[in-house]
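Participant: Dropping the structure in here first, questions after.
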Amino acid sequence: MKLIYKSFYVTLFAVIFLGGPAIAQELDIKEMGPGFHRMEVTHPDGTLQRYVINIPEGYDGETAVPMILGLHYGFGGMRGDNRPEPYWTEGFFKKIYEQAFKPLGAIFLAADSVSGNWQTPENEEALLRLWDSVNATYNIDERKTIVTGYSMGAFGTWHWASKYQDRFAGAFPIAGMPADMNTYRESGKMLDMDWKIPLYIMHSHVDGLIDIEPTVEYVKKLKEDGKDVTFHELFVVTHHQENLLPESVGRAVPWIKRVWENIK
């Protein structure tokens, strides 16, 4: 009965907010118990998508839990329609978030890209379908969904949070500019967005790959506009030292809990 009711409301959301037919019921998602799981699913067009899902200890399907939607970092060929190595997203989750986010008691969902970076139409369609299907399968408090990502995934976080702002309680980009990943180097243009959700932004002054200065200026403007933004600046971690991030990422846990507590 839970699945039927949740599928109905996801269907209604898709029609009203996404302006299209429901996609949630098109995937057969197996509900797993507590622990870390490597999964795969085939989309209606035949696309195989691998994903990982981490179910918190004590999850029994009776009490709704929050969700963290994770977007993995880059891989060779990400500017084209290539795909990463199978379960590329597993390393992303385990290096950065597994221990840091354990106190949250949330379901963590992270999929492999099916085509290039997180802004491609193929990734948007596939991830929306997977996300909605997981929401329909598990007992998730969808009001408490946080999107986060590192590097390519941070660009993706900015993109997804801006495009689907009504579906997130907050966004947590790490080491990526608030800009279009496909054009930022040429245009230098930052996102023009009226942010309604809280933002927790993490970036290093010694990143070495993604310049922090545009983000510094963007954060300054957000604060001047009275937006709910927290800027966590790092000073020792370079871009490819993501294995050193768990302690810093863990400092976002109180912020996430505050965001959830403020949801009525």
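The values are calculated or read from the model by the stated rules, or taken from the named source; none is laboratory data. Predicted model only: the values in this text are computed from it and were never measured. When we count neighbours, we look across all protein chains shown, and the Cβ atoms used for this are built from the backbone with ideal geometry, even at glycine.
Participant: How many residues, within the range 221-244, are farther than 25 Å from GLU98 by Cβ and in contact with a Leu (Cβ under 8 Å, 6 or more places away or on another chain)? Before you say what the answer is, go through the steps one by one.
Facilitator: Kept after step one, since they are farther than 25 Å from GLU98 by Cβ, are these residues of the range 221-244: 221-229.
Going one step further and asking which of them are in contact with a Leu (Cβ under 8 Å, 6 or more places away or on another chain), we end up with 222, 227-229.
So the count comes out to 4.
Participant: On to the next question. Any idea which of GLY156, GLY149 is part of a strand (DSSP E or B) and crowded, with 21+ Cβ neighbours inside 10 Å?
Facilitator: One residue alone meets the criteria, GLY149.
Participant: For the range 213-224, check the following and say yes or no: at least one residue is outside any helix (DSSP H, G or I) and acidic (Asp, Glu).
Facilitator: Within the range 213-224, not a single residue is outside any helix (DSSP H, G or I) and acidic (Asp, Glu).
Participant: Here is a list: GLU98, GLU142, GLU90, GLU125. Which entry is more than 24 Å from THR183 (Cβ to Cβ) and surrounded by fewer than 18 Cβ atoms within 10 Å (Cβ to Cβ)? Break it down into steps so the answer makes sense when it comes.
Facilitator: Values: GLU142 fails: surrounded by fewer than 18 Cβ atoms within 10 Å (Cβ to Cβ); GLU90 fails: surrounded by fewer than 18 Cβ atoms within 10 Å (Cβ to Cβ); GLU125 fails: more than 24 Å from THR183 (Cβ to Cβ).
Selected residue: GLU98, the only one of GLU98, GLU142, GLU90, GLU125 that is more than 24 Å from THR183 (Cβ to Cβ) and surrounded by fewer than 18 Cβ atoms within 10 Å (Cβ to Cβ).
Participant: Moving to a separate point now. Can you tell me which of VAL206, VAL249 is surrounded by 12 or more Cβ atoms within 10 Å (Cβ to Cβ), assigned to a helix (DSSP H, G or I) and modelled with pLDDT of 95 or more?
Facilitator: Result: VAL249 is the single residue among VAL206, VAL249 that is surrounded by 12 or more Cβ atoms within 10 Å (Cβ to Cβ), assigned to a helix (DSSP H, G or I) and modelled with pLDDT of 95 or more.
Participant: Restricting to the range 159-174, name every residue that is more than 10 Å from the chain's Cα centre (by Cα), in a loop (DSSP other than H, G, I, E, B) and within 17 Å of GLU124 (Cβ to Cβ).
Facilitator: TYR164
Participant: Got at least one residue in the range 131-145 being among the hydroxyl-bearing types (Ser, Thr, Tyr) and under 20 Å from LYS163 (Cα atoms)?
Facilitator: The answer is yes, given that some residue of the range 131-145 is among the hydroxyl-bearing types (Ser, Thr, Tyr) and under 20 Å from LYS163 (Cα atoms).
Participant: Evaluate the range 167-188: report whether one residue or more is closer than 20 Å to ILE53 by Cβ, of a type outside the set (Gly, Ala, Ser) and surrounded by fewer than 18 Cβ atoms within 10 Å (Cβ to Cβ).
Facilitator: No - not one qualifying residue is present in the range 167-188.
Participant: Right, here's the next one. Is it true that THR145 is under 10 Å from the mean Cα position of the chain (by Cα) and not hydrophobic (A, V, I, L, M, F, W, C)?
Facilitator: Spelling it out, THR145 is indeed under 10 Å from the mean Cα position of the chain (by Cα) and not hydrophobic (A, V, I, L, M, F, W, C).
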